[in-house]
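As structure tokens, the structure follows; a few thoughts come after it.
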Amino acid sequence: MSRHRAIRNLDINDEFYDEGDGGGDVYDEMQDMTEEEALKMQAALSEVRAALGDHTGIGDVEMRETLWYYYFDSAAAVAWLRSMAGAACAEASDDAALVGRRHRPGPPPATRPAADPGGAAGPRATLAGLRAAGAQQSPGLGGALQSLGTRGAAAGGVSVVGRALSALRAPVVQPAGAPASGALGGSLLSRMAALPRPQDAPTAAPAAPVARNFAGRQVPSLRDLAAAAPGAGPEPQRRAAVLGADALGPARAATLYAQPSSLARFILQAPGPAAAAAAAAAAAAAAAAAGGGGGTGATAAAAAVVAGLRREIAALLEACRRTCGGPEAMAMAAGRGGALANANGEYKSAGRVDRFAFDTPSPDDKILAAQSAAPGAAPSKQSKPLPAAKEPAPPPTSELGRLSLATDGSDADADADADAAVDSPRPPKPGRRIDVVAEYSKTQGDRNQLNLVVVGHVDAGKSTLMGHLLYALGQVSDRTLKRFERDAEKIGKASFAFAWVLDQTDQERSRGVTMDVATSSFATPSRRFTLLDAPGHRDFVPNMISGASRADVAVLVVDASTGEFESGFDGNGQTREHAVLVRSLGVHQLVVAVNKLDMVAWSQPRYDEIVARLAAFLASCGFRDADVRYVPVSGLRGTNLARRAPADEAEALARWYRDPADPARPGPCLADLLDTFAVPERPVSRPLRLAVADYFKGGAVGGANSVSVSGRIAQGHVQVGDQVVLVPGGERGVVKAIDVDFASADWAVAGDSVVVMVQGIDIQQFTVGSVVCAPDCPIAVTASFEAKLAVFDPPVPITNGASALLHTQSLNVPAVIRRIVETFDQRSGEVLKRRPRHIHKGATARVEITTEVPVCLELFQDAKELGRIMLRKDGETIAAGIVTAIRD
Amino acid sequence: MKLVAQHIEKDQSGHVRLVPQEPEDIWHAYNLIQKGDQLTAVTTRGVKSVSSTGSVTNSRVKLKLTIAIEDVFFDSHVCALRINGRTVSESEHVSVGQYHTLDLELNQPFTLAKPEWDVIALQRIRDACDVARQADAAAVTMHEGLAVVCLMTQHMTVVRQRIEAPIPKKRRGSATNYEKGVQRFYDQVYQAIRRHIDFALVKVVVLGSPGFVREQFFEYMMAQAVRTEDRPIIENRAKFLLVHTSSGHKGALEEVMRDPQTRARLADTKSAQEARAIDAFYQMLASDSDRALYGYADVAKAAEHGAIGTLMVTDELFRAADVQTRKKYIRLVEDSKASNAELLVFSSMHVSGERLNQLSGVAAILNFPLVLDSDPEPSDSEEERDKE
């Protein structure tokens, strides 16, 4: 059976009668008041009220009780009440006077202990009673103390109380023997019980007899306590403070600085026998600092007892706060106060026998309640507003409260909250939103970001060229390059050192072939580039398409050395295929890097021949002459990459390659040409579309349940905190972090190559080819659509039912040309033949396509990037197309 | 398949008794059994009997039933065939006209009665009972992140497992995620091979991929096999054949069949023949489009002219539920046979059969060019097929 149950089952009356009738009940007495007495009470009450005025904030209940105690001697009652509300210090040091006053009327004398010095310890007995009540269900108070002591921060507060009690040893023990002691304890306790309890002022009265009862019974326990608590006086208090400080951990230094000084001053002011009261006051004050009388019941009781001290204590703390430099010390004090309040709450609930034993607010609630009660002191909740409440509240109370929550390590709820914040995606905080479109248009002048894909036949030297360019532009350190050179030489591929900058997998390095798109970034004087180094090998064209679909501009690298250009350009070479592909994927601007020209001694005729052949071909692909520029380079030597080749470096080149604008200068280098690429208009204000090119667990900010998605934003914009939806699947998540070009950013817009960290969507939901969309406008998912195709040069004609691999963005899926609707003339759009049996090479046709699995597509007219498709068959690109209608 | 008895009358009606012996025979049975036929087999049925006192007892009884077939369902993955229909034979437990679903089981004889045994059905029985068994093969097509493990028998290509493993791309500064992903992927493929390929039955295992994936995977697999002493893999090292394909999708099996190495090993298998034929068709279409026709309307016209050199039809057409459609195609086959055309019935379970299916299911290479002047509007049936 739990102790709570034991308490609930306790028969109050039994307990009471077991004790005998030695303990008359004040409350009962008041209940049994005769009519005459009641009238007297009324009269006396109004007298007392008038005498006290309203400044004390003493409640009617207490007044009545005091009056009853003094048997309607209103003058004595006023004196007592004043003294209580006034200087408790003086009261404590003037025991004798108090005793005299208190026991003067003593009606009816039989129920009052005669001249009992223990009675002098009114406030102390209150504490003791509480303490005893708390220990009711414990094997002994020592045990209770111990168990409470195990609670880190609580230890400080408890020790203070415990040692205060030990200081009272003698007076408390004395009345223990007397049968009438219950009455004394009872009367005092009833006063205590009448003190406000924030939660249940009305139940205070019924609880009173029980508490008193306990006080009577627990005297032996008190003795134990007295024995258990060693020492007395200022020293234990200091220790207690230090203990509390230890428990507070991080704020330790501040505590040590603040506490001893304030306590020392305290002790100086309340020396000798008053030390106990001072200790209690310290506890109360600490709680008060946490939330202006926020500590519940026990604290409030203690606070009432030492009400006079409060102001001074608060002032002291205020002073201490000032000396300690404010917030930190306050946090410390608050933390301690909170802990104390917790400790009090705990020990109180153990001793409580009323029906609230089970729905006692959690320590958290108490602190929160205290916080809310703090600044205005919410008098309505407290039948007896505490003097402290009238003081100017510590200004940053709410902040303190929060801090105290944070410092209190045992606060499970706060932890849970923190966990929840990590686990569940929350809608973005309003007010933190950035108007990305406005931001973008503001900075448009500076936004010069371009995605550059490098294409060309295998072994044309794409990776070496770009690796060398990155090195020349300072993106690769000398040390790294030295290491590459050394390692490359070791495996007999010394000439591949520059390519290793981009070819990072062991496979790529050992085979000397780029297999997948490598992403990097660099800047020229007026442009920032995201570099996509595509593989040239025909088997990796799908990867190349993935890279090229993310590009705005391209560099086509051709090998100028004898025979190599021809093998890459004629027949099955990838020079043609890549050029066609990048054009079909929406790249208009092209720089042709005529590489390895040093192999043919920078021969101008060779260069001109290559340029002539390419120009004709590229024009046929749909590139405008003005958008295609040529540059002779040597990727391996680094000639004409980042700076114009000086005459001494490549004499043969310098002889004929001059700047057309200024023949005195050498011709423009690769970086010069890149620098003059035009930046296309970005569809920033359209709904977000981010095609997933790659995804992986975790990311820059960490968090096991988040997924990083890399790709290029096709349209729209995204910012940290945005809700996004993943298509297909429709799962929603929240953007936690954004990386643009390997640097963290708050937002990103169309055209940016990003890594976006999304939380709230399981990694299983992602596939390459998924699209991250704005939640209110997701992309269409379809397995059937209509497209216009430009057929290249397929080895066999395209028929109805022809199968092929459909490439869109980074995705490739098996697809079938379900039906050829018609062929039409590319220029005029005139229909040549309806429902032809097959499409021959070079034709344009409208077809219906179905895919094996649904894919994310958009009409070309709505979103160019996502409305483009490529059809490949047996490793050859057979057609490119645009989506004109989406079915179902 | 074992042919136990055959009674076919002069009007082509009659019945045959067959015993399926291996999973592929179930596929043959699927191609034979059609709506409207009658099937007799031993089956079990839950019988509910009500006694005179009104108590109900349920029992399962084994009984021989004949049903008039209404529906046939085939599951290619487990080679299971379920036939649904009304009973026509009297039985003490089941009254005539009650529905029953038969499961065809291996080594359980069944009797199939057809009102008309056509050439295709008879050819099917001959094929099914052909004891000269061809080599079974396995093929794994793969590219980074995708692998398809298939088993190829004479008439079927069954995908045993499709492995899709996310492989993070290489990123600037680190390729470890990529390499880990690749290792995980290879391990999955290796486990799939161990699980699905029985080296006692399979003569060759083709590994097809673009790039270096096949070599890399083969190295990985052998290293793993040696490390874990995986005897079957080590001993059958010679059965692996590495072939270039352009992707890892199932469609790449076509390229596998086209590869000279595979051809040498699987020369006479049906799938290799089919692949060759469909390639020839496309080549003809590219070189002389008037000598390659597809679609029922065109091919039927060519048949009228006696122009057909090779006729390619998928078995799917002969499984058509509609008797008229079936008869139409059978007439086409018989007509072209009359003009000495070579007939190839493609298995729709093979990749080439799938391809032919998409190409309307029927195609022909002509002996001489035939210019069809008619408007190439598709026939109604084709429209219907498209809609499906």
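The values are calculated or read from the model by the stated rules, or taken from the named source; none is laboratory data. Just so we're clear, the structure is a prediction, and the values are computed from it rather than from any experiment. Don't worry about glycine lacking a Cβ; one is built from the backbone with ideal geometry, like all the others, and counts go over all protein chains shown.
Points worth noting:
- Filtering segment B:1-14 to residues that are closer than 25 Å to B:Asp75 by Cα and either modelled with pLDDT of 90 or more or among the small types (Gly, Ala, Ser) (or both) leaves only B:Leu3.
- Restricting attention to segment B:144-188, the residues that are part of a loop (DSSP other than H, G, I, E, B) and facing chain A (nearest Cβ under 10 Å) total 10.
- Qualifying residue in segment B:81-92 (condition: surrounded by 14 or more Cβ atoms within 10 Å (Cβ to Cβ), assigned to a strand (DSSP E or B) and among the small types (Gly, Ala, Ser)): yes
- Checked against the criterion of being within 14 Å of chain A (Cβ to nearest Cβ), surrounded by 17 or more Cβ atoms within 10 Å (Cβ to Cβ) and under 30 Å from B:Gln273 (Cα atoms), segment B:125-142 contains one or more residues that satisfy it.
- Screening segment A:471-515 for residues that are within 11 Å of chain B (Cβ to nearest Cβ) and of a type in the set (Ser, Thr, Tyr) and picking the one that is surrounded by the most Cβ atoms within 10 Å (Cβ to Cβ) gives A:Thr514.
- Residue within segment B:330-346 that is away from chain A (no Cβ under 12 Å), modelled with pLDDT of 90 or more and closer than 24 Å to B:His249 by Cα present: yes
- Segment B:254-267 - residue that is in contact with a Lys or Arg (Cβ under 9 Å, 6 or more places away or on another chain) and either more than 23 Å from B:Pro210 (Cα to Cα) or not in a loop (DSSP other than H, G, I, E, B) (or both) and, of those, farthest from the other protein chains (Cβ to nearest Cβ): B:Arg265
- If you go through segment B:293-318 and keep only what is under 12 Å from B:Asn367 (Cα atoms) and out of contact with any strand residue (DSSP E or B) (no Cβ under 6 Å at 6 or more places or on another chain), you end up with B:Ala303, B:His305, B:Gly306.
Table: residues versus (1) within 12 Å of chain B (Cβ to nearest Cβ); (2) in contact (Cβ under 8 Å) with a residue 24 or more places away in the chain; (3) in contact with a strand residue (DSSP E or B) (Cβ under 8 Å, 6 or more places away or on another chain); (4) not β-branched (Val, Ile, Thr).
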site	(1), (2), (3), (4)
A:Gly730	no, yes, no, yes
A:Val734	no, yes, yes, no
A:Ala737	no, yes, yes, yes
A:Val772	no, yes, yes, no
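Condition check ((1) crowded, with 23+ Cβ neighbours inside 10 Å; (2) touching a residue at least 40 places away in the same chain (Cβ under 8 Å); (3) out of contact with any Ser or Thr (no Cβ under 8 Å at 6 or more places or on another chain)) across all residues:
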{"position": "A:Gln759", "(1), (2), (3)": "no, yes, no"}
{"position": "A:Gly769", "(1), (2), (3)": "no, yes, no"}
{"position": "A:Ile779", "(1), (2), (3)": "yes, yes, yes"}
{"position": "A:Ala783", "(1), (2), (3)": "no, yes, no"}
{"position": "A:Asp793", "(1), (2), (3)": "no, yes, yes"}
{"position": "A:Thr808", "(1), (2), (3)": "yes, yes, no"}
{"position": "A:Asn812", "(1), (2), (3)": "yes, yes, no"}
{"position": "A:Arg827", "(1), (2), (3)": "no, no, yes"}
{"position": "A:Lys833", "(1), (2), (3)": "no, no, no"}
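- Residues in segment A:553-568 that are touching a Phe, Trp or Tyr at 6+ places or on another chain (Cβ under 8 Å) and either within 29 Å of A:Val679 (Cα to Cα) or within 14 Å of chain B (Cβ to nearest Cβ) (or both): A:Val553, A:Val558, A:Asp559.
- For B:Ala252, the stated conditions hold: it is under 30 Å from the mean Cα position of the chain (by Cα) and buried (at least 17 other Cβ atoms within 10 Å of the Cβ).
- From B:Gln191, B:Gln216, B:Gln224, residue being within 10 Å of chain A (Cβ to nearest Cβ) and not basic (Lys, Arg): B:Gln216
- Pairs linking a residue in segment B:49-60 that is in the same structural domain as B:Glu92 (by TED's automatic domain parsing) and under 16 Å from B:Val94 (Cβ atoms) to a residue that is in a strand (DSSP E or B) and among the basic types (Lys, Arg), with Cβ atoms under 6 Å and 6 or more positions apart or on different chains, are B:Asn58/B:Lys48.
The rows are residues; the columns are (1) over 28 Å from the mean Cα position of the chain (by Cα); (2) closer than 30 Å to B:Ile308 by Cβ.
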residue	(1), (2)
B:Asp187	yes, no
B:Tyr220	yes, no
B:Ala223	yes, no
B:Arg227	yes, no
B:Ile233	no, no
B:Met257	no, yes
B:Gln273	no, yes
B:Ala277	no, yes
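- Top-ranked residue of segment B:272-295 - restricted to ones that are within 27 Å of B:Ala128 (Cβ to Cβ) and touching a helix residue (DSSP H, G or I) at 6+ places or on another chain (Cβ under 6 Å), ranked as farthest from the other protein chains (Cβ to nearest Cβ): B:Ala272
- Taking each residue of segment B:149-178 that is at pLDDT below 85 and looking for partners that are basic (Lys, Arg) with beta-carbon atoms closer than 6 Å, six or more apart or interchain, yields B:Gln154/B:Lys270.
- Complete set of residues in segment A:540-581 that are surrounded by fewer than 24 Cβ atoms within 10 Å (Cβ to Cβ) and part of a loop (DSSP other than H, G, I, E, B): A:Asp552, A:Ser561, A:Thr562, A:Gly563, A:Asp570, A:Gly571, A:Asn572, A:Gly573
- Scanning segment A:451-495 for residues that are at positive phi and touching a residue at least 24 places away in the same chain (Cβ under 8 Å) yields A:Gly456, A:Asp459, A:Gly461.
- Test: residue in segment A:516-539 that is within 37 Å of the chain's Cα centre (by Cα), without any contact (Cβ under 8 Å) to a residue 40 or more places away in the chain, within 11 Å of chain B (Cβ to nearest Cβ) and not in a loop (DSSP other than H, G, I, E, B): no
- Residue satisfying condition, being within 13 Å of chain A (Cβ to nearest Cβ) and either farther than 30 Å from B:His249 by Cα or among the hydroxyl-bearing types (Ser, Thr, Tyr) (or both), within set B:Thr325, B:Thr314, B:Thr310: B:Thr314
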